[in-house]
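Every number in this text was worked out from the coordinates using simple rules, so none of it is lab data. A quick note: this is a predicted structure, and the numbers were derived from the prediction, not measured. For neighbour counting, all protein chains shown are included, and Cβ atoms are generated from backbone atoms with ideal geometry for every residue, glycine included.
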Amino acid sequence: MSYKVTWADQRINKNEKAKLKEDGLDVFKDLPELVKHPFSEIDKSYYMYFKFAGLTVQRPQDKGYFMMRIKIPGGRLNLKQAEHIAWLANTYGRGIVDLTTRQAVQYHWIPFEKLPEIFAGINDVGLTTMGAEGDITRNIVDNPLSGIDANELFDTRQTVLDVYQRFQGNRDYSNLPRKFKISINSNIYNAGNAEINDLAFIPATKELNGQTTRGFNVKIGGGLGMLPYLGLAMNIFVTPDQVADVAEAVVTLYRDYGPRRSRAKSRLKFLIQDWGVQKFETALREKVPGLQTAGHSEIVGWSNGTALGVHPQRQAGYYYIGVSVPAGRLSGDDFQAFVDLAKKYGRDELRLDHGQNLILPYIAEKDLAAVKSAEVFKRFSITPHRLLDFGTTCTGIEYCNLANAHTKEIFKPLLNELDKRFTFEKPVTITLTGCGNNCAHRSIADIGIEGVRARTQAGDHAEGYVLSVGGSLLNGGHFTEPLKGKFSKDQLADALSAILQDYQDQKLPEESFYDF
Ligand code: SF4
């Protein structure tokens, strides 16, 4: 630890006490010795360290299997990396790869004893699980179309990499009070979902020295989870070459002053609520002198960070194809099929969006017909029109220790049923999370479904679901508002149909669900 601990006079929780004894990143040092022994010999108090290696002990917790997440800054993979992701699924992950709402991938059934060789293979292709979970800077999200997007102010790919490299493996920032989420995006439709991140850089312009300068305004203190908050605007303007310094200063302030008493109240959003934005901004300006006041925000709408369908790129003659991956889950073989298509028709690249979907960039106009006729598109849609195409869902009770209810297994049949009943000209986003932690962004959906504990009429414990409506990140954001009642899995289709029928019957032409 190369910094002075300033929070030692706080009453701190047990994770904090443990982290003072051993840094989270030491898990990589410990692993070669740990795997020489049976998993059952590991004390449960050690499980929190696995998080820093992108690992969560999978339920049931005594079997020695993990959920493993890989960081993919901005969701961009070269094809060697993408091929390895497919191979990992088929070799260690029982043939399944899940796409996340932070442009990363995750696996289940990763065997404990194979971790050193799995990590070595991931590192060989230039990827890492380090910091994919844990109290550390997480995967940095970006505009999924950066560099090929007609609706961005400028290319943000290098800025994302600069910030990633500033923090990755840096032990000055490996003991934060909780996770820290960064969004960098210059798409004018808020493709980085700014307001649900701890720190978000959003596209802005400012007149400087008689010239219009492109850069970012900054929001801080957003985050979902049990107590969601929308990011708040600071009065600063940041040029792309200042982003890494500003990010480092913000993370330093959070590290040194963030609350560490209750893990439920340790995210940056609680420090911002305590201090107020002005005090935080003053402290930030002391660390990064000379920051300009905020510029003109260039945000004009909200895309939800999804990029579905076939659309022209900024580069004339080229198209990107956004492929709907229902429930964000696909087989290693299907992932490989997309890699093969990209190899044959695209460039050295596959991308992931925020809606748990895949993007094939750089398809030449002359090849579009051939690509669209590929066998894999009999199973995956490239003409987004269904409710299923716009929905997202989290891991749920199948593997997640915190879940109250099933998610991925019920999501596809549920939305397929709704797609038989309704057709809308504008997307309606329906998301399903297995608990209040909100990993599938229930709070910003048109209709959010959350798994809860419930009881049957006979009084037995059961999985239940509650509904909320009206979420969006338009105009700074608005969270969903809860509806009354709990529903069983079998009641969900009818409950959702009642809401959608109301919308269909009463909406004005072209009126979105949010405006309705
Ligand atoms: Fe697990 Fe809850 Fe997150 Fe779903 S929302 S992945 S159930 S913690």
Review point. Computed over the Cα atoms, what is the radius of gyration of the range 165-278 divided by 2.2 N^0.38 Å, N being its residue count?
Key: 1.08
Check your understanding: Where in the chain are the helices, taken as whole DSSP H runs, whose Cα atoms extend 18 angstrom or more along the long axis and whose Kyte-Doolittle mean reaches at least 0.0?
Key -> 243-257
Check your understanding: Which FRET efficiency, nearest 0.05, do H296 and D419 yield, Cβ-Cβ r, R0 51 Å?
Key -> 0.80
**Study point:** Sequence-distant aspartates and glutamates (8 or more away, or on other chains) whose Cα lies within less than 13 Å of K206
**Key:** E298
Review point. With contacts defined as alpha carbon pairs under 8 Å and 6 or more residues apart, what's the relative contact order of the range 253-411 in percent?
Key: 19 percent
Practice item. Towards the positive end of the charge dipole of the chain, with charges on Cβ (+1 Lys, Arg; -1 Asp, Glu), say which of T383, N217, G322 has the farthest Cα. Key: N217
Study note, to complete from the structure: Note: probe point = Cα of Q491 + 7 Å toward Cβ; backbone nitrogen < 16 Å; residues of the range 440-459 passing the test are 449-459
Point to revise | Value of Rg/Rh across the range 94-165 [Cα atoms, Kirkwood radius] | key: 1.03
Review point. Summing +1 for each Lys or Arg and -1 for each Asp or Glu, what net charge is found among the other residues whose Cβ lies under 13 Å from the Cβ of L25?
Key: -3
Check your understanding: Using bins 10 angstrom wide from zero, how does P(r) for the chain break down, in % of all Cα pairs?
Key -> 4, 19, 29, 29, 16, 4, 0, 0
Practice item. Starting with the highest mean, order 177-190, 198-211, 421-434 by the number of other Cβ atoms within 10 Å, averaged over the residues of each peptide. Key: 177-190, 421-434, 198-211
**Study point:** Shape box of the range 257-348 [Cα atoms, principal axes, largest first, Å]
**Key:** 53, 36, 24
Point to revise | Average silhouette area of the range 385-516, convex hull of alpha-carbon atoms, in square nanometres | key: 8.0 nm²
Point to revise | Two-site label geometry, E113 and D460: point separation in nm, points 7 Å out along Cα→Cβ | key: 3.8 nm
Check your understanding: Over the range 426-516, what is the relative contact order in whole percent, taking alpha-carbon pairs under 8 Å and six or more residues apart?
Key -> 22 percent
Exercise for review: Arrange E463, E33, E450, E398 by Cβ neighbour counts within 10 Å, fewest through most, would you?
Suggested key: E33, E398, E463, E450
Revision key, fill the gap. The lysines whose Cα lies under 21 Å from the Cα of K44, excluding any fewer than 8 residues away in the same chain, are K14, K17, K19, K21, K29, K36, K63, K114, K179
Exercise for review: Write down the Å³ per residue value for the convex hull defined by the alpha carbon atoms of the range 325-432.
Suggested key: 123 Å³
Point to revise | Gained length - D23 relative to E409, 0.36 nm times residue gap less alpha-carbon distance | key: 135.3 nm
Check your understanding: Could you name the lysines in cross-link range of K507, using Cα to Cα under 23 Å and dropping any fewer than eight places away on the same chain?
Key -> K420, K426, K484
Revision key, fill the gap. Expressed to one decimal in nm², the mean projection of the alpha carbon convex hull of the range 148-201 is 4.2 nm²
Point to revise | Directionally averaged projected area (convex hull, Cα atoms, the range 25-184), nm² | key: 9.7 nm²
Check your understanding: In which sequence would R351, R166 go, from the one with the fewest C-beta neighbours within 10 Å to the one with the most?
Key -> R166, R351
Review point. Cα centroid distance between the range 384-451 and the range 224-272, in Å?
Key: 28 Å
Exercise for review: Report the normalised scattering of the range 261-305 as log10 I(q)/I(0) at q = 0.13 Å⁻¹, calculated by the Debye formula with identical scatterers on the alpha carbons.
Suggested key: -0.52
Practice item. Please give, to one decimal in nm, the separation of the simple spin-label points placed at K44 and Q61, each 7 Å out from Cα toward the Cβ. Key: 0.4 nm
Exercise for review: Of all alpha-carbon pairs in the range 1-120, indicate the percentage at a distance above 21 angstrom.
Suggested key: 46 percent
Practice item. Based on other C-beta atoms within 10 Å, arrange F237, F216 from fewest to most. Key: F237, F216
Practice item. Using only alpha carbon pairs under 8 Å that are at least six residues apart, calculate the relative contact order of the range 72-169 and give it in whole percent. Key: 31 percent
